[in-house]
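Q: If you scroll down you'll find the structure; I have some questions about it.
Nothing in this text is a laboratory measurement; each read-out follows from the coordinates by a stated rule. For clarity, every value in this text was computed on a predicted model and none was experimentally measured. Please note: Cβ atoms are built from the backbone with ideal geometry, for glycine as well, and neighbour counts cover all protein chains shown.
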Amino acid sequence: EEVIIDGFKSYARRTAVPGFDPQFNAITGLNGSGKSNILDAICFVLGITNLTQVRAGNLQELVYKHGQAGVSKASVSITFNNDDKANSPVGYEHCDTITVTRQVVIGGRNKYLINGHVAQPSRVQNLFHSVQLNVNNPHFLIMQGRITKVLNMKPAEILGMLEEAAGTRMYENKKEGALKTLSKKEAKVAEIDKVLEEEILPALEKLRNERAAYMQWSSQNAELERLRRFCAAYQFVQAEEAAENCTEEIEANAQKLESQRREAEDYAGIAADKDEDVERLAEERASQMGGDIKKLADKEATLSKDLVKLTTAWTNKKDTAKAEHKSAEAAAQDVPAAEAAIDEAKQAVVDAEARSDEAAQEALRAQHAAEAVDAERTGMVADGAGGKQRTLAEALAEAKAAAKSGESEAKQLETKAKHLEKEVASKTKAIEKMNASADKASKEREAVDAAIEEAKAKLESIGYDAEAADKLAAETDANKAAVRELSMRCSKLKAETS
């Protein structure tokens, strides 16, 4: 019915071309008036893909002056009459008119609109194909230079052109596309079947098993809960019965406690009677014995203190005696050695005196020899030992040397003799001192033993009966223990009943 062109090629402003005939239409006008641009606009809306047929290199060139004149968008709308519902496109039978618009924006995107709603290019193509309008068909648009070629076509080519014109070729193409899509889908279906068989079905079977196990667990859990309730009810009944039994047992324990309390009171009375008996016996004994017990007790305490002191002194003396005895024994062991040393010293003194006498005699002989030498100053004298001739001076020197040697040896022996005499005296004094210490320690030990015997005799003379006193104290302790035990039993029974 109408074509509206806005910003497309030479149409800068919105231009409407109405009044189309349903059967045949022709565009006439002067050269350069825009006849071809109207046909290009119709092909543009129909979705032509070969832009050379509309004399353009790209979609941006379809905009008026390539967008340089302030127009940045080209838009073409075609309104179709849809009164014939039998030949109406599929899905558009309810529409009386169908308006298809195509827009291209400089630097923007190309879009289609069907009745004012944005649509995908494939949807527009399906719309036109359903009414046998395929602008991309080689024989859909026959240009001026191809008229002769069409007239000279062979029968097979003419048949193909007629098929294309009738739209059967379109269905063949769709069939081929559908077969290709079907083959792709079959491969995808095979892949899906493989995944289904290898992954999904095992997982599904596993989930089924888990579901069955869960259902079994759920039912068993419900049964378990039911049984738990039965057990709780049974335990509650048992607890009630036990509570009733415990009430009876508490009453029995209370009676038992009362009887034991009375028994404890009886024992307490008995213990009190025992204490009174003990006090009475003590008073009777005290009255019978009078002040002798106190005196004896004081005397016993005094003697005990004396005994402790004597025992301590005896222990110290004993330790001292042992130490001195050991020292005496050691000294006694050293006595033979000291006596031997004294004997050796005495013998050394005797030897020293003998050597001193010999030295004196030697000095005397030397003096006599000197005198003989003085008598014989003038010549030679004969040597008594070997008859060797010596001079007077040599004999004199030798005699003087012998005299000096004898004197020095005599002095040494005298000094040694004095030293040995002093050592003998000190050893003798040490032995005498050790003997005196041993005698003193022995006397002190005898004195301590005598003191101990005296203390024992005093204790025996007191007449104190320790066994009877211990027996009385033991009876008192036993009575007190019995009272404590009864008190503890009463406390325990009170705690149990509470």
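Q: Looking at the range 2-135 from every direction and averaging, what is the projected area of its Cα convex hull in nm²?
A: Quarter of the Cα hull surface area: 8.5 nm².
Q: Further question: Listed here are the pairs 154/185; 35/65; 326/416; 35/73; 73/175; which of them are more than 29 Å apart at the Cα?
A: 154/185; 326/416; 73/175
Q: Taking R0 as 25 Å, what FRET efficiency do you get between residue 73 and residue 2 from their Cβ-Cβ distance, rounded to the nearest 0.05?
A: According to the calculation, E is roughly 0.80.
Q: Moving on. Would you please put 6-14, 120-128, 269-277, 68-76 in order of how densely packed they are, using the mean number of other Cβ atoms within 10 angstrom per residue and starting with the highest?
A: Highest to lowest by the protection proxy: 6-14, 68-76, 120-128, 269-277.
Q: If I take all pairs of Cα atoms in the range 195-253, what percentage of them are more than 18 Å from each other?
A: Across the range 195-253, Cα pairs with separations above 18 Å total 64 percent.
Q: Roughly how big is the range 1-47's charge dipole about its Cα centre, with Cβ charges of +1 (Lys, Arg) and -1 (Asp, Glu), in debye to the nearest 20?
A: Rounded to the nearest 20 debye, it is 240 debye.
Q: Now for a separate question. Determine the gain in length on full extension of the stretch residue 131-residue 316; use 0.36 nm per residue of separation and subtract their C-alpha separation, reporting nm with one decimal.
A: Contour length minus the Cα-Cα distance gives 52.0 nm.
Q: Taking the mean number of other Cβ atoms within 10 Å as a proxy for protection, how do you rank 145-153, 105-113 from highest to lowest?
A: Sorting 145-153, 105-113 by mean packing, highest first, produces 105-113, 145-153.
Q: With r defined as the distance between the Cβ atoms of residue 305 and residue 447 and R0 fixed at 22 Å, what FRET efficiency is calculated, to the nearest 0.05?
A: Working from the Cβ atoms, E equals 0.70.
Q: Here's a follow-up. Under a point spin-label approximation (7 Å from Cα along Cα-to-Cβ), what is the residue 412-residue 90 distance to one decimal in nm?
A: That separation, rounded to one decimal, is 15.9 nm.
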